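All of the numbers you see were taken from the coordinates with simple rules; none came from a lab. Just so we're clear, the structure is a prediction, and the values are computed from it rather than from any experiment. Note: ideal-geometry Cβ built from the backbone for every residue, glycine included; neighbour counts use all protein chains shown.
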Amino acid sequence: MDANKIPVLMVDDRPENLTALAALLSDMELDLELVAANSGNEALRQSLKCDFALILLDVQMPDMNGLETAALLRTNPKTCHLPIIFVTAGMNEKNHLFKGYESGAVDYLIKPIEPLVLRSKVRVFCELYAQRMEIEYRKVNLEGMVRERTGELSALAENLGQECKVRQATEAALKESELRLRQLNEDLEGRVEQRTLELRRAMDQIVESEKLASLGGIVAGVAHELNTPIGNIVMMASALGDRLAELSKTVVEGTLTKSLLFASVDECINASAILVRSAQRAGELIDSFKKVAVDQTSQRRRVFDLRETVSDILHTLGTAMRHAQVRVDLRIPPGIEMDAYPGDLEQIFSNLIMNSIRHGFGAGGGHIMIDARQLQQQVEIIYQDDGAGIAPELHRKVFEPFYTTKLGQGGSGLGMFIVHNLAHGVLKGDIKLDSACGKGVTFTLTVPAVTP
């Protein structure tokens, strides 16, 4: 496979149909790599080799038909996310269409195929695939930057340790000359102060890189979330157009009946309702992401409702939580207003949730509860999960930089360190941990309702 091309899998048992599909897609402006499969089994093998942007799947095939192939693709975690468009002459009945959607299809095309419709639908999913690949590429670059900054920080820490050893040795060797010792001390203290300043700057850069990496993960999740409502909009708009075309034909031919008119109106109303719901869902996702992205990148201070802000970050992390089978019970009452930095508060919740997913929960997922109450000029926020918990002797290490139980497995050891710094440094509050092995964790964050 060419990494610079967008792979599309075409599945049909008739070579002439595959040739026709390839011809219809060959003159698109997108750089496509068309892969042909002449059976359901071959399609399954190809899907395991490559992450396709789209599968164009025929229904009526011998041995394993398209519905069976789609169902098998949905049961495999590696291929369950692949968009499938049925390309067939055998799905013009409503019950056939429902079977296709139940099997995991996002759309269908009835033969003979309209070239413009085919290219439009292929373009939508290929552009989504290209955007997802771009997000993955940027995420990898951000992870590389974090690793590079971590190496620099380790080197600075080692240099600082060596400087301290030199200072101790110098003090022991120059006791006879107090003036010279004082001068050496002053010089060494200046160097230590400079190194400490450099270390602090390096740490700040690593924290910013970690926040950008977290935002990159949120971008990937939102892009994945948008696939469903956008796919529904494309599908229902196409179906609505086809139904109106059929209704227009009956009017022209004079075969329109009252029952047919009522049935067509009902279908159009249902399709319109689905279009509105899908558009609203996409709008809500985009609105939540815009709020989170602006807050986390601008460091702006504003008045906000605590429940709405936490709800926004939960929306943007929806994909990660569903994949990890995590349920969140948001109990924060409406009306708790804060004058603070919502971006930093969102970063705290993002790190806490991802920490629960990576360290607290196993393959079976888990449950998270988020509650809050206002105590005069303070706001107390309680975060709980029912995961593996943390041994009491490790509590003091949790907020230390670079401490992680997942070293080499995607954990940087900076998540809880960032939480501690934001809670104390930016929000001027306090965070406490209560946990035991096998009993989950409870974090209590207490911050001023108006940040000083």
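Note on Met369 and Asn185: with the Förster distance fixed at 60 Å, the Cβ-Cβ geometry gives a FRET efficiency of about 0.65.
Working ranking of peptides 311-324, 243-256 by packing, defined as the average number of other Cβ atoms within 10 Å per residue, highest first, is 311-324, 243-256. Each label was represented as a point 7 Å from its Cα along the Cα-to-Cβ direction; for Gln194 and Asp27 these points are 6.9 nm apart. Taking amide H as placed 1.01 Å from N in the peptide plane, the amide H of Glu33 sits under 5 Å from that of Ile6, Val8, each at least 5 places away or on another chain.
For the peptides 159-168, 64-73, 134-143, residues were scored by their other Cβ atoms within 10 Å and the scores averaged per peptide; the highest-first order is 64-73, 134-143, 159-168. Note that segment 364-377 has calculated 3J(HN,Hα) couplings of x, x, x, 10, 10, 10, 10, 10, 7, 8, 9, 10, 6, 8 Hz, one per residue in order, obtained from phi through the Karplus relation 6.51 cos²θ - 1.76 cosθ + 1.60 (θ = phi - 60°); glycine and proline are x. Stretched out straight at 0.36 nm per residue, the stretch from Glu267 to Glu253 would grow longer than its current Cα-Cα span by 2.9 nm. Relative to the current alpha-carbon distance between Asn159 and Ala89, full extension at 0.36 nm per residue lengthens the span by 18.0 nm.
Work out the FRET efficiency for Leu116 and Asn141 from their Cβ-Cβ distance, taking R0 = 45 Å, and round it to the nearest 0.05. List each step's numbers first, then the result.
On the way: r = 37 Å, r/R0 = 0.83.
For Leu116 and Asn141, the calculated efficiency is 0.75.
Given their separation in residues at 0.36 nm each and the Cα-Cα distance between them, His424 and Cys437 gain 2.0 nm when the chain is fully extended. For segment 302-347 and segment 3-56, what is the centre-to-centre distance using only Cα atoms, to the nearest Å? Spelled out, the Cα-based centre of one part sits 41 Å from the other.
Phi angles across segment 43-59 convert, under the Karplus curve 6.51 cos²θ - 1.76 cosθ + 1.60 with θ = phi - 60°, into 3J(HN,Hα) values of 4, 4, 5, 5, 5, 7, 8, 9, 8, 6, 6, 6, 10, 9, 10, 6, 8 Hz, Gly and Pro given as x.
Per-residue Karplus couplings for segment 389-398, computed as 6.51 cos²θ - 1.76 cosθ + 1.60 with θ equal to phi - 60°, are listed in order as x, 10, 4, x, 5, 9, 4, 6, 8, 4 Hz, Gly and Pro entered as x.
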